[in-house]
Amino acid sequence: QVDKVIKHHRDGEQEDAHEYLVNLLEMLHKHAMVAYKHIYNIDEEWTKKNRHMELTSSIHQIFAGIIRSQVLCKNCGSASNTYDPFTDLSLELN
């Protein structure tokens, strides 16, 4: 049922496939992380100190990644990089 994946969904409303997929992957990731923590007996204190673990479920390993944004200084030529996790990218098609 759609409302189990998309919590704010109401019967009779339309949802696009992209929104459904993003919500489905996030739900699967959360369930995978709960199972992972249970299987390996990982407590919340350890998880808070090791936030990178939140990106290591099998769902994120397959469907997610990290994108780099770079700003170059025209005066000195130095680069500033920012790395952000993503689960979907919007691409323009011509």
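Here are the numbers:
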quantity	calculated
Ranking by accessible area, most exposed first, for Glu45, Glu19 with a 1.4 Å probe	Glu45, Glu19
Accessible-area value, Tyr20, 1.4 Å probe, nucleic acids and ligands omitted, Å²	80
Square roots of 5 times each gyration tensor eigenvalue, C-alpha, region 16-94, largest first, Å	30, 21, 7
Peptides 28-34, 75-81 ordered by average Cβ neighbours within 10 Å, highest first	28-34, 75-81
Region 31-94: relative contact order in percent, alpha carbon pairs under 8 Å with at least 6 residues between	25
Placed amide H near Gly65: partners under 5 Å, 5+ positions off or other chain	Phe86
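The values are calculated or read from the model by the stated rules, or taken from the named source; none is laboratory data. Quick caveat: nothing in here was measured; it's all calculated off a predicted structure. Here Cβ is always computed from backbone atoms with ideal geometry, including for glycine, and neighbour counts include all displayed protein chains. To get the accessible areas, we keep the full protein, side chains included, count just its heavy atoms, and leave off ligands, DNA and RNA. Shrake-Rupley method; radii C 1.70, N 1.55, O 1.52, S 1.80 Å.
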